1. Where in the stretch A:103-180 are there strands (runs of 3 or more DSSP E), lying wholly inside it, with at least 3 residues that are assigned by TED's automatic domain parsing to the domain that holds A:ILE199, modelled with pLDDT of 95 or more and within 16 Å of the chain's Cα centre (by Cα)?
2. Residues that are part of a loop (DSSP other than H, G, I, E, B), buried (at least 20 other Cβ atoms within 10 Å of the Cβ) and touching a Gly at 6+ places or on another chain (Cβ under 7 Å): does the stretch A:25-36 have at least one?
3. When the residues of the stretch A:61-79 are narrowed to those that are under 19 Å from A:LEU239 (Cβ atoms) and in contact with a Pro (Cβ under 9 Å, 6 or more places away or on another chain), which ends up farthest from the other protein chains (Cβ to nearest Cβ)?
4. What's the total number of residues in the stretch A:80-102 that are away from chain B (no Cβ under 13 Å) and part of a helix (DSSP H, G or I)?
5. Within the stretch A:204-222, is even one residue modelled with pLDDT of 95 or more and within 27 Å of A:PRO101 (Cα to Cα)?
6. Counting only residues that are on the phi > 0 side of the Ramachandran plot and modelled with pLDDT of 95 or more, which one in the stretch A:8-41 is nearest to the chain's Cα centre (by Cα)?
7. Report whether or not B:VAL186 is in contact (Cβ under 8 Å) with a residue 60 or more places away in the chain, β-branched (Val, Ile, Thr) and buried (at least 18 other Cβ atoms within 10 Å of the Cβ).
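The values are calculated or read from the model by the stated rules, or taken from the named source; none is laboratory data. Just so it is clear, the model here is predicted, and its values are computed rather than measured. Cβ placement follows ideal geometry from the backbone for every residue including glycine, while neighbour counts extend to all protein chains displayed.
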There are 2 protein chains.
Amino acid sequence: MKRVLLVTAYDGTRYHGWQIQPNGDTIEAQLNHHLTELLSEPVAVIGASRTDAGVHALCNLAVFDTSSRIPAEKISYALNQRLPEDIRIRRSMEVAPDFHPRRVESEKTYEYVIFNDRFPMPTRRLYSYFTYYALDESQMQRGAEFLIGVHDFKSFCSVKSEAESTVREITDLTVERNGSEITIRVSGKGFLYNMVRIIAGTLLEIGQGFYPPEKMRDILLACDRGAAGPTAPAHGLTLVRYRICGLEIM
Amino acid sequence: MKRVLLVTAYDGTRYHGWQIQPNGDTIEAQLNHHLTELLSEPVAVIGASRTDAGVHALCNLAVFDTSSRIPAEKISYALNQRLPEDIRIRRSMEVAPDFHPRRVESEKTYEYVIFNDRFPMPTRRLYSYFTYYALDESQMQRGAEFLIGVHDFKSFCSVKSEAESTVREITDLTVERNGSEITIRVSGKGFLYNMVRIIAGTLLEIGQGFYPPEKMRDILLACDRGAAGPTAPAHGLTLVRYRICGLEIM
């Protein structure tokens, strides 16, 4: 038996998220199905980040155990022959038998992209959230700064979450405009359920001038989901970077 | 009667190109259908650039004549309510009754994007051509330079073309790498059928080291389609900029 790590990339548009669902196709279901066929033994992957329906990833992680003799680093090539073209394995490698992607020290970076112009751009519609309300990205950046550091992010956590603690650390959070696109880039060691999308929804309200950037401090201190903005739509979100023990996984 | 100019953007993935076809949906067919419904009179648009199946555009132009009383600049909003989400009208405006988008002095810029890495990136698969062969973009850039200026581009013209003259001017042509993506950006006053895709296919061969950049001069002088590289796939190509009489159309 050996444990194999997969670095996956996917376009989440067609999927009901990462995690296996009774109804609807998922990334996890696709991986299990094609690995089981390829390796001729039942395979069940353990995912790192269980992304929501519609969320994209450039580098999500999964591990599985196999008794197959196929060298671990060859599995990516063989699996890519079978997977649909909106899922790709960027790398496969053997890891220690007790390596668990959710129990290891890691840092993830997400990007939330907003297309802010008078009309949506068809070629960006699947990977960005469109709004024609004029957004002030410098105000958004000022609001974002209040969230950097270790805080209780209860206000930015879905009420459906079952997390024991809502304290997390955001190591970096920036807002940048490039033409019509505003990118919210957030890094942290762990995120609560819907946390990045609620941060994006709140920054969208600040960008529209609903309230000043300083209100972000009050929203954080309220520890109440009702204090923050709405959960921004899933398709604007992409998991763009994964680090394990300080090592960039590519 | 008035003549209205539309600035269109579209994701070409689902379409059989711009021009109306007996079988298969096209951008022109969609515009005619929805304009005819919106304005309650038969409308037939005249397109500027008849892009191939799978090619994308950020700013292609079309004009049509109408006796409707709807103000020209409102038509974009009304039409966007009806069009599928992979076609958008960025702007509509009244123009002179004899304005013809193919008979006016214009400059177009196309981008051909190559995703050059070990594996394709799912979120870029619809808008870039993937190749895992290592490409040397500096050699591609050197080859590209031979094409700038006024030349007979017969070697870079589909044999299916019926153009009387194959002399055209390329005003700018650059090759740049940004991470895994190589962008070939070409500007000119007019292009032959498949010209940009044949240039891209030839630069791909130079990038792989099949022949040195200097061979581009011989290929140009040959005035023979067989001398150039293959026609690169359509989905890597996007019409990104349109200028009319030196004025940027947005």
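1. A:106-116, A:167-178
2. There is at least one residue in the stretch A:25-36 that is part of a loop (DSSP other than H, G, I, E, B), buried (at least 20 other Cβ atoms within 10 Å of the Cβ) and touching a Gly at 6+ places or on another chain (Cβ under 7 Å).
3. Among residues in the stretch A:61-79 that are under 19 Å from A:LEU239 (Cβ atoms) and in contact with a Pro (Cβ under 9 Å, 6 or more places away or on another chain), the one farthest from the other protein chains (Cβ to nearest Cβ) is A:VAL63.
4. Here the count works out to 1.
5. Scanning the stretch A:204-222, I find no residue that is modelled with pLDDT of 95 or more and within 27 Å of A:PRO101 (Cα to Cα), so the answer is no.
6. A:GLY17
7. So B:VAL186 fits the description; yes.
Here's the yes/no breakdown for (1) of a type in the set (Val, Ile, Thr); (2) within 13 Å of chain B (Cβ to nearest Cβ); (3) more than 30 Å from A:ILE114 (Cβ to Cβ):
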{"site": "A:TYR15", "(1), (2), (3)": "no, yes, no"}
{"site": "A:LEU35", "(1), (2), (3)": "no, no, yes"}
{"site": "A:ILE46", "(1), (2), (3)": "yes, no, yes"}
{"site": "A:VAL55", "(1), (2), (3)": "yes, yes, no"}
{"site": "A:LEU58", "(1), (2), (3)": "no, yes, no"}
